[in-house]
Amino acid sequence: MSSRYCVLGNPVKHSKSPMIHQAFAAQTGKPLAYTAELAPLDGFEAAWRAFCESGGRGANVTVPFKQQAFALCDTQSLRARRAGAVNTLSLGQNGRVFGDNTDGIGLLRDLKACEVPLAGKRVLVLGAGGAVRGVLEPLLNEAPRELVIANRTGARAEALAADFRDLGTVSGGGYEVLSGRFDLVINGTSASLAGELPPLPETLFEPDAVAYDMMYAAAPTVFLQWAQMRGARTIDGLGMLVEQAAEAFFIWQNVRPETAPVQALLRKTLIEG
Ligand code: NDP
């Protein structure tokens, strides 16, 4: 009998997670049913409990519920606790709920696959929301020379930098305080969703810089177009999406799927519409 999993979010119809997990299941021979489930904005926990009662074993969690998912867990991984957010829920045999956060490892694996160096580099992260909180620890573990967080609401970036200062040289503030050039700029804002660009200085990139947008779409995002015109190598968040899903699949099934063919399948589907 196949185990049941889902992605819980609002909205969730657009989610690529069902396609990714079905592809992992086919590749690894694990029988698994995976669906997208819309949770009411005021009813996340009830939706998760109902899914478990109907035989569900685990769920991915997407906007805007990652913090609520964290709160309902009986136990969380260290990395989820550091992030203060959970994107992977697992129901144990004893009925206890375990929460993990695979966004950070997803980004790191994709950066490694794309051969983007981090050690000794100057890194800029744009945004101070849930996604950014989840990626700071793994980024800092790679020992960049400096990590700067810039956000529209500068105080949120300052607070985030203070939370992670024990892990490296981190500072945060509004876009107006940005100075100097960066080797890697990661856009973790949701500005790309609205086709908007954060107010960035013209002289942002070192000569061999990489621009990474956590968002992905059929065409390059506004941020990636802007970065490409200024000489940066560009990467979108499709690889991160597949890698974070692979880590969730590993948590549930104890098997690590191959990500490259699934990424290629997803890219093809995205381009063909
Ligand atoms: P949140 O809502 O938690 O945070 C949004 C962030 O974007 C805030 O820092 C906000 O600033 C900033 N922001 C929003 N609009 C603008 C704008 N017009 N100009 C400048 N800054 C803006 O979202 P998440 O952190 O959960 O997600 C952020 C992005 O990351 C999304 O695009 C999401 O799709 C993507 N993502 C991708 C993943 C992947 O696997 N590829 C995984 C997780 C997320 P302020 O604080 O001032 O409001």
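Quick note: the coordinates plus some simple rules give every number you see, no bench work behind them. Treat the numbers as computed from the prediction; the structure is a model and nothing was measured. Positions of Cβ are generated from backbone atoms using ideal geometry, with glycine treated the same way; all protein chains shown enter the neighbour counts.
Here the chain is assigned +1 on the Cβ of each Lys and Arg and -1 on the Cβ of each Asp and Glu. Its dipole about the Cα centre then comes out at about 420 debye. Charge dipole of the stretch 11-77 (Cα centre as origin; +1 on each Lys and Arg Cβ, -1 on each Asp and Glu Cβ, all else neutral): 300 debye, rounded to the nearest 20. 3J(HN,Hα) couplings calculated from phi for the stretch 217-228 with the Karplus curve 6.51 cos²θ - 1.76 cosθ + 1.60 (θ = phi - 60°) are, in sequence order, 7, 4, 10, x, 5, 4, 4, 5, 4, 4, 5, 4 Hz; Gly and Pro show x. Ellipsoid semi-axes for the stretch 67-173, based on the Cα gyration tensor and the rule √(5λ), read 26, 17, 11 Å when sorted largest first.
Stretch residue 119-residue 153 to full length: gain in nm at 0.36 nm per residue minus the Cα-Cα span? Here the segment from residue 119 to residue 153 would lengthen by 9.4 nm.
With a simple spin-label model that places each label point 7 Å from the Cα along the Cα-to-Cβ direction, the separation between residue 49 and residue 251 comes to 2.1 nm. For the stretch 114-229, the Kirkwood estimate of hydrodynamic radius, built from reciprocal distances between every pair of different alpha carbons, is 14.1 Å.
Calculated from DSSP H runs of 4 or more alone, at -39500 (n - 2.57) each and per residue, what is the 222 nm mean residue ellipticity of the chain, nearest 500?
-11500 deg cm²/dmol
Could you calculate the FRET efficiency of residue 41 with residue 177 from 1/(1 + (r/R0)^6), where r is the beta carbon distance between them and R0 is 35 Å, rounded to 0.05?
0.50
Taking amide H as placed 1.01 Å from N in the peptide plane, the amide H of residue 215 sits under 5 Å from that of 237, each at least 5 places away or on another chain. Over the chain, consider all pairs of different Cα atoms and compute the Kirkwood hydrodynamic radius from their mean reciprocal separation; express it in Å, one decimal. It works out to 19.1 Å.
For the stretch 49-76 and the stretch 136-150, compute the distance between their C-alpha centroids and round to whole Å. That distance is 29 Å.
Each peptide in 166-172, 18-24 receives the mean, over its residues, of other Cβ atoms within 10 Å, and ordering these scores from highest gives 18-24, 166-172. Simple point charges give the picture: +1 on the Cβ of Lys and Arg, -1 on the Cβ of Asp and Glu, and for the stretch 104-236 a dipole about the Cα centre of about 20 debye.
Assuming 0.36 nm per residue, please report the length gained on full extension of the stretch residue 71 to residue 143 beyond their Cα-Cα distance.
Values: separation 72, 0.36 × 72 = 25.92 nm, distance 3.03 nm.
Full extension of this stretch gives 22.9 nm more.
In order along the stretch 262-271, the phi-based Karplus estimate (6.51 cos²θ - 1.76 cosθ + 1.60, θ = phi - 60°) of 3J(HN,Hα) comes to 6, 5, 5, 4, 5, 4, 4, 4, 5, 5 Hz; Gly and Pro are listed as x.
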